[in-house]
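Working notes for the structure below.
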Amino acid sequence: MDNLVIAGKSYASRLLVGTGKYKDFDETRAAVDASGAEIITVAIRRTNLGQNPDEPNLLDVLPLSSYTFLPNTAGCYTLEDAVRTLRLARELLDGHSLVKLEVLGDPKTLYPNMTETLRAAEILVREDFQVMVYTSDDPIAARQLEEIGCVAIMPLASLIGSGMGILNPWNLQIIIENAAVPVIVDAGVGTASDAAIAMELGCDGVLMNTAIAAARNPVLMASAMKKAVEAGREAYLAGRMPKKIYSASPSSPVSGVIASSKDKSV
Amino acid sequence: MIQLIVNGQPQRIPLPQETGMASKPDHQILNITQLLEHMGLHGKRIAVERNGEIVPRSKFDQPMLADGDRLEIVVAVGGG
């Protein structure tokens, strides 16, 4: 089996999905099902005070027993907020330690603040969290995060929610080449071909939310992404043919072509 | 009454004695379970932080809340 292994646990699906931005919980569940994802991200937020106490909860729709939950630190701009959020997440999810760390640098680009990210990763690893970390596509930062003990390196392909695809495949290749832990593209995927390209580059997985949730038909896009990730992975394992400007060797036999009036041999 | 800051908002919570809940007269300090019951959150999957420190569920029945405490009560929501 060609499984994705993160922190010693094996997953058949290499597609990880977020659960935000859906119309309602029914659509969230249908999209998650269609994606085949086993790891799903959730955010940690203050409860609404004084609202309907019987308001449905995400965990009623996506039960803890059916998925590996990946609580994130979306919206955190300091290491203190990120660490506090994940401590709360661990308590909320009964001691679950696999987490997604992201410390953002600015609300316009949502680009990661790598100084804060590195410091937060150190604290979390010391507290026995298994840290999957959102990072810039800087190969040095990626290496430092791995040295700290992060269990997966998750570089952006382009900005969060931008759908711009993979803007710097060369940096991703360097990160993949250097990393001994899984490299998962997180952010920037816009459509199925982007996910396939990430996998063909040798990424171990792809994490996405907006590309599915903001599609006109999210459930159909989730299914497309599942296939794209599988196709890209198989293409990577198969090893693509070399690129060349033109080929002197056609796929069909050169000899035995029926004679034409232009045939010089007649 | 006890004055708490819950999720950034000032909240005045009646003490158990005032709500008629069973309580020893010398233990007038609120615990987390009583706070959650008051807020309609009892039995929900939530996590609580008090003054920056996680409160494990095993301590929810220990009287610990004092005037001016800052609490965060969080849930899991959809997110990427």
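Residue by residue, here is whether (1) within 21 Å of A:Val181 (Cα to Cα); (2) free of Cβ contacts under 8 Å to residues at least 24 places away in the same chain; (3) basic (Lys, Arg); (4) surrounded by fewer than 20 Cβ atoms within 10 Å (Cβ to Cβ) holds:
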residue	(1), (2), (3), (4)
A:Val5	yes, no, no, yes
A:Gly8	yes, yes, no, yes
A:Lys21	no, no, yes, yes
A:Arg46	no, yes, yes, yes
A:Gly50	no, yes, no, yes
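Picking from B:Gly52, B:Gly78, which residue would you name as being within 14 Å of chain A (Cβ to nearest Cβ), within 30 Å of A:Asn209 (Cβ to Cβ), small (Gly, Ala, Ser) and surrounded by fewer than 15 Cβ atoms within 10 Å (Cβ to Cβ)? Before you say what the answer is, go through the steps one by one.
Working: B:Gly78 fails: surrounded by fewer than 15 Cβ atoms within 10 Å (Cβ to Cβ).
Answer to the check: B:Gly52.
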Exercise for review: Please work out which residue is farthest from the other protein chains (Cβ to nearest Cβ), limiting yourself to segment B:28-49 and to residues that are surrounded by 15 or more Cβ atoms within 10 Å (Cβ to Cβ), free of Cβ contacts under 8 Å to residues at least 24 places away in the same chain and assigned to a loop (DSSP other than H, G, I, E, B).
Suggested key: B:His42
Point to revise | Candidates A:Ser223, A:Ser193, A:Ser136, A:Ser162 - the one that is touching a helix residue (DSSP H, G or I) at 6+ places or on another chain (Cβ under 9 Å), at pLDDT below 95 and of a type in the set (S, T, N, Q) | key: A:Ser162
**Study point:** Enumeration of residues in segment B:55-75 that are of a type in the set (D, E, K, R), in a strand (DSSP E or B) and facing chain A (nearest Cβ under 9 Å)
**Key:** B:Glu72
Check your understanding: Somewhere in segment A:48-70, is a residue of a type in the set (Ser, Thr, Tyr), within 14 Å of another protein chain (Cβ to nearest Cβ) and in contact with a strand residue (DSSP E or B) (Cβ under 7 Å, 6 or more places away or on another chain)?
Key -> yes
Review point. Are any of the residues in segment A:220-232 within 14 Å of chain B (Cβ to nearest Cβ) and either buried (at least 22 other Cβ atoms within 10 Å of the Cβ) or touching a residue at least 24 places away in the same chain (Cβ under 8 Å) (or both)?
Key: yes
Practice item. Please find, within segment B:27-59, the residue that is modelled with the lowest pLDDT out of those that are charged (D, E, K, R) and farther than 15 Å from B:Arg70 by Cα. Key: B:Lys44
Check your understanding: In the set A:Ser136, A:Ser193, A:Ser162, which member is surrounded by fewer than 20 Cβ atoms within 10 Å (Cβ to Cβ), over 20 Å from A:Pro218 (Cα atoms) and of a type outside the set (Asp, Glu)?
Key -> A:Ser136
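Name the residue that is nearest to the other protein chains (Cβ to nearest Cβ), counting only residues in segment A:78-97 that are of a type outside the set (A, V, I, L, M, F, W, C) and in contact with an Asp or Glu (Cβ under 8 Å, 6 or more places away or on another chain).
Within segment A:78-97, the match that is nearest to the other protein chains (Cβ to nearest Cβ) is A:Arg87.
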Review point. Would you say A:Ala37 is within 11 Å of chain B (Cβ to nearest Cβ) and either within 18 Å of A:Gly20 (Cβ to Cβ) or modelled with pLDDT under 95 (or both)?
Key: no
Check your understanding: In segment A:165-218, what residues are within 16 Å of A:Leu237 (Cβ to Cβ) and either touching a Ser or Thr at 6+ places or on another chain (Cβ under 9 Å) or outside any helix (DSSP H, G or I) (or both)?
Key -> A:Pro182, A:Val183, A:Leu201, A:Gly202, A:Cys203, A:Asp204, A:Gly205, A:Val206
Point to revise | Complete set of residues in segment B:7-26 that are farther than 14 Å from B:Asp69 by Cβ, at pLDDT 65 or above and among the small types (Gly, Ala, Ser) | key: none
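Can you spot a residue in segment A:20-43 that is among the aromatic types (Phe, Trp, Tyr) and in contact with a helix residue (DSSP H, G or I) (Cβ under 6 Å, 6 or more places away or on another chain)?
Yes, there is a match, as at least one residue in segment A:20-43 is among the aromatic types (Phe, Trp, Tyr) and in contact with a helix residue (DSSP H, G or I) (Cβ under 6 Å, 6 or more places away or on another chain).
The values are calculated or read from the model by the stated rules, or taken from the named source; none is laboratory data. Since we're looking at a predicted model, the values are computed, not measured. Cβ coordinates were reconstructed from backbone atoms using ideal geometry, including for glycine residues, and neighbour counts include every protein chain displayed.
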